[in-house]
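Chemist: I am attaching a structure below and will ask some questions about it afterwards.
Each value in this text was obtained by applying a stated rule to the coordinates, not by laboratory testing. Bear in mind the structure is a predicted one, so any value in this text is a computation, not a measurement. Note that each Cβ is placed from the backbone with ideal geometry, even for glycine, and that neighbours are counted across all protein chains shown.
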Amino acid sequence: MTSETNTILVTGAAGQIGSELVPALRKLFGNERVVASDVVQPEAKLLESGPFERLDVTSRQELAQIIKKYGIKTIYHLAAILSATGEKNPQKAWEVNINGLYNVLEASRELGVKQVFCPSSIAVFGPATPRIKTPQDTILSPTTMYGVTKVAGEHLCDYYVKKYGLDVRGCRFPGIISNETLPGGGTTDYAVAIFYEAIIYKKYTCFLKPETRLPMMYMPDCLKSIIQLMQADFSRLKHHSNFNVTAMSFSAEELAAEIKKHIPDFEIHYQPDFRQAIADSWPESIDDSAAREEWDWQPEYDLARMTEDMLRVLSEKKNQGKLKYQK
Ligand code: NAD
């Protein structure tokens, strides 16, 4: 789709991914063409750089009004309740993740939206799934409400592709590591918190066991995957809403060892909580060959490069008095 015809809506824009995807899209398509929306107020940077609308995705009416007002043609649907928060309030996770997505798909069908991006997650997998190099097409039997909503969401998105010809695309993201907005209640959040606490306190207490290994991705690769998948030639895609993507896999102790290379007196302690059971049900590593074949996916950041960059960016923010962190 050309920039002349494309007007974009991002839901959940104040969150970890949205707060960085909106500026990336505004850079690509122009500030006025990218409408950010969320139930919460985003940071000033996002508000000042282009349009923002308060939008609760569980309200079809609010959603329809905004699509009509701006003539939206593409939606990046990021509004969701993540795994750990979802286990505390499964009813809300269903309401936002399923009813919100249904509203987005139905409103898109009715109002002429051409393309939708909806992220899935490694939470679609479960204890019965092969945990190492988890294949693209495999057993999906999650144990969390978040995972249940993501499996149903993938099927719902694929249904709209087949039934209505709506161009819906999505990746199963692993844990996303970033330094702009803190993550919103997932099981991989430790891999972000550890960097902030290494910089601020030189110690961190991890809510997963040292040997727990999970797939992860640095935000620049996450943004690259979203933009690349959305720009891919539709005719090359055999999958649509459920691409496995990954960049690296590491355990908590391996991440701590990498941080220690830069901060030798960094200390880590372990106090596993309810999130350990969630992590234990997820893969250790992911086979993302379908994404590589169908839209040339290729990550740029491994553990060493990501760690170096995270510590550099957070140290700079600390030196400038701009490091915001809440335990
Ligand atoms: P986040 O929790 O940081 O942000 C989600 C945003 O959605 C929040 O700003 C929240 O206010 C908003 N929201 C919640 N309920 C809403 C509603 N009813 N209406 C409108 N907005 C609402 O999450 P994120 O990390 O930015 O995740 C974005 C997407 O990526 C989600 O679909 C998530 O499942 C997926 N994902 C994220 C990760 C990760 O590690 N961050 C991994 C896998 C998949």
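Chemist: So who's got an amide H within less than 5 Å of the one on Cys206, skipping anything under 5 residues away but keeping other chains? H placed 1.01 Å off N, in plane.
Modeler: For Cys206, whose amide H was placed from the backbone, the distant partners under 5 Å are His269, Tyr270, Gln271.
Chemist: In percent, how large is the relative contact order of the range 1-148, given Cα pairs closer than 8 Å and 6 or more residues apart? List each step's numbers first, then the result.
Modeler: Working: 245 pairs, mean separation 32.3, N = 148.
It rounds to 22 percent for the range 1-148.
Chemist: Between exposed GluC sites (Glu not before Pro) in the chain, where DSSP calls loop and at most 13 other Cβ atoms lie within 10 Å, what's the longest gap?
Modeler: Value returned for the longest uninterrupted segment is 44-210.
Chemist: What pairs from Lys27/Lys88; Lys69/Lys162; Lys162/Lys209 go past 31 Å between their alpha carbons?
Modeler: Among Lys27/Lys88; Lys69/Lys162; Lys162/Lys209, the Cα-Cα distance tops 31 Å for Lys27/Lys88; Lys162/Lys209.
Chemist: On to the next question. Apply the Karplus parameterisation 6.51 cos²θ - 1.76 cosθ + 1.60, with θ equal to phi minus 60°, to every residue of the range 148-158 and state each ³J(HN,Hα) to the nearest whole Hz, in sequence, with x for glycine and proline.
Modeler: Here the 3J(HN,Hα) series is 4, 5, 6, 5, 4, x, 4, 5, 4, 4, 4 Hz.
Chemist: Another question, then. Please report, in debye to the nearest 20, how large the charge dipole of the range 199-327 is about its Cα centre when each Lys and Arg carries +1 at its beta carbon and each Asp and Glu carries -1 there.
Modeler: Working: 18 positive and 21 negative charges, 153 e Å.
It works out to roughly 740 debye.
Chemist: What number in nm² do you get for the range 79-154 if you take the convex hull of its Cα atoms and divide its surface by four?
Modeler: 5.5
Chemist: By how many degrees, 0 to 90 and rounded to 10, does the Cα axis of helix 100-111 deviate from the longest principal axis of the chain?
Modeler: 30
Chemist: So which trypsin sites (Lys or Arg not before Pro) in the range 124-213 pass both tests, a DSSP loop state and at most 13 other Cβ atoms within 10 Å of the Cβ?
Modeler: Here the sparse-neighbourhood loop sites are Lys202.
Chemist: Angle check, please: helix 190-200 long axis (alpha carbons) against the longest principal axis of the chain (alpha carbons), in degrees 0 to 90, nearest 10.
Modeler: Helix 190-200 sits roughly 60 degrees off the main axis of the chain.
Chemist: Let me ask something additional. Just name one of Gly86, Tyr102, Gln41: the one whose Cα is farthest towards the positive end of the charge dipole of the range 40-128 (beta-carbon charges, Lys/Arg +1, Asp/Glu -1).
Modeler: Of the candidates, Tyr102 comes out farthest on the positive side.
Chemist: Can I ask one more? Is the shape of the range 244-287 rounded, prolate or oblate, going by the alpha carbon gyration tensor and its root eigenvalues a ≥ b ≥ c, with a/c under 1.5 for rounded and a/b larger than b/c for prolate?
Modeler: In terms of gyration-tensor shape, oblate.
Chemist: Moving to a separate point now. Roughly how tilted is helix 18-29, in degrees to the nearest 10 and between 0 and 90, from the longest Cα axis of the chain?
Modeler: 50
Chemist: Roughly what % of DSSP beta bridges within the chain run antiparallel, to the nearest 5?
Modeler: 10
Chemist: Cα centroid distance between the range 63-89 and the range 269-310, in Å?
Modeler: 24
Chemist: Which ³J(HN,Hα) values, rounded to whole Hz and listed in residue order, are derived for the range 206-215 from phi using the Karplus coefficients 6.51, -1.76 and 1.60 in 6.51 cos²θ - 1.76 cosθ + 1.60 with θ = phi - 60°, glycine and proline given as x?
Modeler: 8, 8, 10, 6, x, 8, 5, 10, 9, x
Chemist: Sticking with this structure for a sec: Distance between the C-alpha centers of the range 107-126 and the range 194-223? Whole Å please.
Modeler: So the two Cα centres are separated by 28 Å.
Chemist: Counting Lys and Arg as +1 and Asp and Glu as -1, what is the net charge of the other residues whose Cβ lies under 12 Å from the Cβ of Ser121?
Modeler: Charge balance near Ser121 sits at +1.
Chemist: A further question follows. Sequence-distant or interchain residues sharing an amide H contact under 5 Å with Ala247, placed H: which?
Modeler: Met216
Chemist: Taking θ as phi - 60°, what are the ³J(HN,Hα) couplings along the range 227-238 by the Karplus curve (6.51, -1.76, 1.60), each to the nearest whole Hz, with x for Gly and Pro?
Modeler: Here the 3J(HN,Hα) series is 5, 5, 5, 5, 8, 5, 5, 4, 5, 7, 7, 8 Hz.
Chemist: Okay, moving on. For the range 39-196, rounded, prolate or oblate, judged on the Cα gyration tensor with a ≥ b ≥ c (square roots of eigenvalues), a/c < 1.5 rounded, else prolate if a/b > b/c?
Modeler: Taking the square roots of the gyration eigenvalues as a ≥ b ≥ c, the range 39-196 is oblate.
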